[in-house]
């Protein structure tokens, strides 16, 4: 039976208390540091990009130190053949990629998560942002990562128009943002869709494996892990979102 451990607290304080080589897969969706008083489009409306103090940038150098610190800790927590997935936009993902290279990780892929129904650009002065980037990495080049190639090749993903059943899974995934039913217990400003985390967990782990998310947010990683019979440990610092994650992961739905 899969075990679920949900921890309310600061990841930078909790992670050092966890044992070495504890997890098979880590999914990290760290703050993108975008709360800079700008605006964006949500449901056709102009809204502030500010999400909270946890998303405030401290400047390029401090933001990089932030990412370097959690990435170093993840390397300690990952099993020798385990893998790490990091999500981000151009505001954060290049810092994370550089930090991974500095600390000796071997990058397997960068994955383009294409959002078919992404929000429009309101300024009309740049391309419409319609994707996020995922980096998939292992601890060293010699590590033997889990990759369920045959399963992914033969699976049907009807909502992903880029995936053809019987063909290799490519590094561009067309997955819509979280659906309304996934927000029935509450809303998180950067909630990831269940389809995205389900694909990641199916790709890089097996039943009974241990999944970790240091920035759990709304708990999507935990929901996916539980559905797919993996154990899960998640940390979330914001009480509101921790309670949301608890509700979603413990829901019988």
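The values are calculated or read from the model by the stated rules, or taken from the named source; none is laboratory data. Everything quoted here is computed from the prediction, not taken from an experiment. Methodologically, a virtual Cβ is constructed for each residue, glycine included, from the backbone with ideal geometry; neighbour enumeration extends over all protein chains shown.
So that you can scan it fast, the table gives a plain yes or no per residue for (1) at pLDDT 55 or above; (2) more than 18 Å from residue 11 (Cα to Cα); (3) part of a loop (DSSP other than H, G, I, E, B); (4) in contact with a helix residue (DSSP H, G or I) (Cβ under 9 Å, 6 or more places away or on another chain):
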residue: 27; (1), (2), (3), (4): yes, no, no, yes
residue: 37; (1), (2), (3), (4): no, yes, yes, no
residue: 41; (1), (2), (3), (4): no, yes, no, no
residue: 50; (1), (2), (3), (4): no, yes, yes, no
residue: 54; (1), (2), (3), (4): yes, no, no, no
residue: 62; (1), (2), (3), (4): yes, no, no, no
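Do you know which residues across the stretch 80-94 are over 18 Å from residue 197 (Cβ atoms) and touching a residue at least 60 places away in the same chain (Cβ under 8 Å)? Scanning the stretch 80-94 gives 80, 81, 92. Among the residues of the stretch 188-225, how many are in contact (Cβ under 8 Å) with a residue 40 or more places away in the chain, over 20 Å from residue 150 (Cβ atoms) and surrounded by fewer than 20 Cβ atoms within 10 Å (Cβ to Cβ)? Adding up the residues that qualify gives 2.
Each row is one residue, and each column tells you yes or no for (1) more than 24 Å from residue 20 (Cα to Cα); (2) modelled with pLDDT under 95.
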residue: 79; (1), (2): no, no
residue: 82; (1), (2): no, no
residue: 97; (1), (2): no, no
residue: 105; (1), (2): no, no
residue: 114; (1), (2): yes, no
residue: 119; (1), (2): yes, yes
residue: 124; (1), (2): yes, yes
residue: 132; (1), (2): yes, no
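Every listed requirement among (1) at pLDDT 95 or above; (2) crowded, with 17+ Cβ neighbours inside 10 Å; (3) within 22 Å of residue 201 (Cα to Cα) is met by residue 178 save one, (1). Screening the stretch 124-145 for residues that are outside any loop (DSSP other than H, G, I, E, B) and out of contact with any helix residue (DSSP H, G or I) (no Cβ under 7 Å at 6 or more places or on another chain) and picking the one that is farthest from residue 196 (Cα to Cα) gives 138. Has the stretch 110-120 got at least one residue that is under 13 Å from the mean Cα position of the chain (by Cα) and within 24 Å of residue 227 (Cβ to Cβ)? Among the residues of the stretch 110-120, at least one is under 13 Å from the mean Cα position of the chain (by Cα) and within 24 Å of residue 227 (Cβ to Cβ), which makes the answer yes. Looking at residue 183, is it closer than 23 Å to residue 88 by Cβ and more than 15 Å from the chain's Cα centre (by Cα)? Judged against the criteria, residue 183 is a match.
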